[in-house]
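The values are calculated or read from the model by the stated rules, or taken from the named source; none is laboratory data. This is a predicted model, so every value here is computed, not measured. So basically every Cβ, Gly included, is an ideal-geometry build from the backbone, and we count neighbours across all protein chains shown.
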């Protein structure tokens, strides 16, 4: 008979990845600091020890009775994805993959179980537990068993994050997927401890240890199996110590008769033997060897005992009445017509993959794709091509044989022209009431305060693009995307714009990011990043709603670091604002000028080109010269009467694009000219100083 070591808490702490082959684990037992306010109760440890002892007594009696289960236990499960619009917001497919692996491991359907060492082949257990996503939430409403909550607490992973959303633990196994698991990759509490903290009962796991696809991988995919084992009252194979591979672990035990006494393994040493055992069960799911493939029959019995115990209400989960109430009895109603698309923005000639996400038990699909080819489909996940530019709706009607539901998205697909519009593009939003009027696109994933056209403030004219930003917007990401532009004849690409922003408090660090794309928005590359604590702030600290009170509270940016790989027919620019709960953001006078050749203001016919950016000018303006052959260049600033105000350049200049600052600060408002002479040819461009 093995000696039993009782520990109140078991939390799986998985360290950072060192390699794809070997990722060291660390597990913390008895870590009361992971518990919320209950840990401050001076009697908490005493009550936990008592409930652990009672559960151990129940387990011994349950096994001694010969009542060792063996039936199919169904556990309703819900995945709560806590995210801040980052990579941690994993898709449904990754969740379904994690659920698949979990069910395979607990039913001995995992394809690698029969590779277990011969000494343990007869001990590989079919635990007889199936996990099913809930189809009804605690209020009886329709659900797919996956919730999504936007919060910066995804980077916290503590009880504060759990408190954002938790379903009753006597009805559901709660699994929180997040960016951080309180410094771990995953953790949970065994039933004896969870008995006293129902709101914290469940599993927290990092997104990159969830399933084997997406942000995770196969080598990490058994972390959830390990955690559920703890939730079912399993210890590690060496007992409740925090660290494996220690000689003193031979003095502990896991309370399971058919797992050899071991020090615990962090490598897949299949011939490993310790603590007097002829061979250790290195391939056990409750090991850290990273080649886990099995539970033993003894571990199965211990888990089934926990499921039949009232400790932490585990015995209520699999009851028939609860399976009906949570909708996992196989009769989930058809309650939602829903789909996703591979892209909301493409160029003419591009394709969109549509994927049905309706639930439950859908067996018939009817799609309508105006503007697409084909225009209709009865496939579950059709692929549609759009030949012409425009904004197109999509309609999906689904049926399960007894009910019918339909959903329509009126402006789901934005198809940009390819080739796009010819440059230059100068956009101050003056002619539009909404962005679709001027072929710009917005992405507002949260459906709240995204980009809008407003007349509250403008650098020039009366309108600008604005995001109403406040503390409630913290973590929100909003995008404004230009129409496609034909830059195939470009000699250089310059993007300039005006902006205004203020903080509400000195800690607000909202961000503006500017991206460019050379494939109509399929992929993007960052070209400018500005922060609320530094370069983005033009208005200082404003406790109320910020409205710039004049040109002095506007900034100017000119981006010229755009290489010739962007000289394509479907060039696009994206302005991305990430809120940190600060104040309002304004964007105006966007200029995208990719080809200075052919400007109406130029009077010469040579290959030399000339422009002023930005235009109109208030401050920070530059002359941009594209010189085809090396030679003497004279560049002059003229007033409206053609009189020379200043000579900016008079000497030899090499070929290529050159930028020269214009000394216009303090100049009277009005019309000016910039004149360039080279090899007897003259070119001029006019601009306005405001």
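Yes or no: residue 461 in contact (Cβ under 8 Å) with a residue 24 or more places away in the chain and closer than 17 Å to residue 551 by Cβ? Against the criterion (in contact (Cβ under 8 Å) with a residue 24 or more places away in the chain and closer than 17 Å to residue 551 by Cβ), residue 461 qualifies. Among the residues of the range 189-196, is there at least one that is surrounded by fewer than 22 Cβ atoms within 10 Å (Cβ to Cβ) and not in a helix (DSSP H, G or I)? Yes, the range 189-196 contains at least one residue that is surrounded by fewer than 22 Cβ atoms within 10 Å (Cβ to Cβ) and not in a helix (DSSP H, G or I).
If the condition is being touching a helix residue (DSSP H, G or I) at 6+ places or on another chain (Cβ under 9 Å) and closer than 24 Å to residue 523 by Cα, then the range 309-354 contributes only 340. Scanning the range 104-140 for residues that are within 17 Å of residue 174 (Cα to Cα) and either in contact with a helix residue (DSSP H, G or I) (Cβ under 7 Å, 6 or more places away or on another chain) or outside any strand (DSSP E or B) (or both) returns 129, 130, 131, 133, 134, 135, 136, 137, 138, 139, 140. For residue 165, are the conditions met, namely being surrounded by fewer than 24 Cβ atoms within 10 Å (Cβ to Cβ), in contact with a helix residue (DSSP H, G or I) (Cβ under 7 Å, 6 or more places away or on another chain), assigned to a loop (DSSP other than H, G, I, E, B) and assigned by TED's automatic domain parsing to the domain that holds residue 148? Considered against the rule, which asks whether it is surrounded by fewer than 24 Cβ atoms within 10 Å (Cβ to Cβ), in contact with a helix residue (DSSP H, G or I) (Cβ under 7 Å, 6 or more places away or on another chain), assigned to a loop (DSSP other than H, G, I, E, B) and assigned by TED's automatic domain parsing to the domain that holds residue 148, residue 165 comes out as no. Filtered by the rule that a residue be out of contact with any strand residue (DSSP E or B) (no Cβ under 7 Å at 6 or more places or on another chain) and either over 21 Å from residue 192 (Cβ atoms) or modelled with pLDDT of 95 or more (or both), the range 69-78 gives 70, 71.
Residues of the range 632-653 include none that is in a loop (DSSP other than H, G, I, E, B), modelled with pLDDT of 80 or more, over 45 Å from the mean Cα position of the chain (by Cα) and assigned by TED's automatic domain parsing to the domain that holds residue 675. The set of residues in the range 661-679 that are within 49 Å of the chain's Cα centre (by Cα) and loosely packed, with under 14 Cβ neighbours inside 10 Å comprises 661, 663, 665, 666, 669, 670, 671. May I ask you to say which residue of 381, 448 is surrounded by fewer than 16 Cβ atoms within 10 Å (Cβ to Cβ) and modelled with pLDDT under 90? Residue meeting the stated conditions: 448.
Would you be able to say whether some residue in the range 79-99 is over 19 Å from the mean Cα position of the chain (by Cα), in the same structural domain as residue 201 (by TED's automatic domain parsing), at pLDDT below 95 and over 30 Å from residue 474 (Cβ atoms)? No, there is no match, as no residue in the range 79-99 is over 19 Å from the mean Cα position of the chain (by Cα), in the same structural domain as residue 201 (by TED's automatic domain parsing), at pLDDT below 95 and over 30 Å from residue 474 (Cβ atoms).
Out of all the residues in the range 335-347, is one or more surrounded by fewer than 14 Cβ atoms within 10 Å (Cβ to Cβ) and in contact (Cβ under 8 Å) with a residue 24 or more places away in the chain? The answer is no; no qualifying residue exists. Does residue 484 satisfy the condition of being out of contact with any helix residue (DSSP H, G or I) (no Cβ under 9 Å at 6 or more places or on another chain) and modelled with pLDDT of 90 or more? Yes: the conditions hold for residue 484. Selection of the range 546-573 for residues being over 17 Å from residue 347 (Cβ atoms) and assigned to a loop (DSSP other than H, G, I, E, B) yields 546, 547, 548, 549, 550, 554, 560, 561, 562, 563. Could you please find all residues in the range 423-445 being in a loop (DSSP other than H, G, I, E, B), touching a residue at least 60 places away in the same chain (Cβ under 8 Å) and crowded, with 18+ Cβ neighbours inside 10 Å? The answer is 423, 424, 428, 429.
When the criteria are applied in full, residue 86 meets the requirement of being under 30 Å from residue 342 (Cβ atoms) and out of contact with any strand residue (DSSP E or B) (no Cβ under 8 Å at 6 or more places or on another chain). Taking (1) farther than 19 Å from residue 112 by Cβ; (2) outside any helix (DSSP H, G or I); (3) touching a helix residue (DSSP H, G or I) at 6+ places or on another chain (Cβ under 6 Å); (4) at pLDDT 95 or above in turn, residue 279 satisfies each apart from (1). Scanning the range 29-50 turns up one or more residues that are assigned to a helix (DSSP H, G or I), in the same structural domain as residue 173 (by TED's automatic domain parsing), surrounded by 17 or more Cβ atoms within 10 Å (Cβ to Cβ) and at pLDDT 90 or above.
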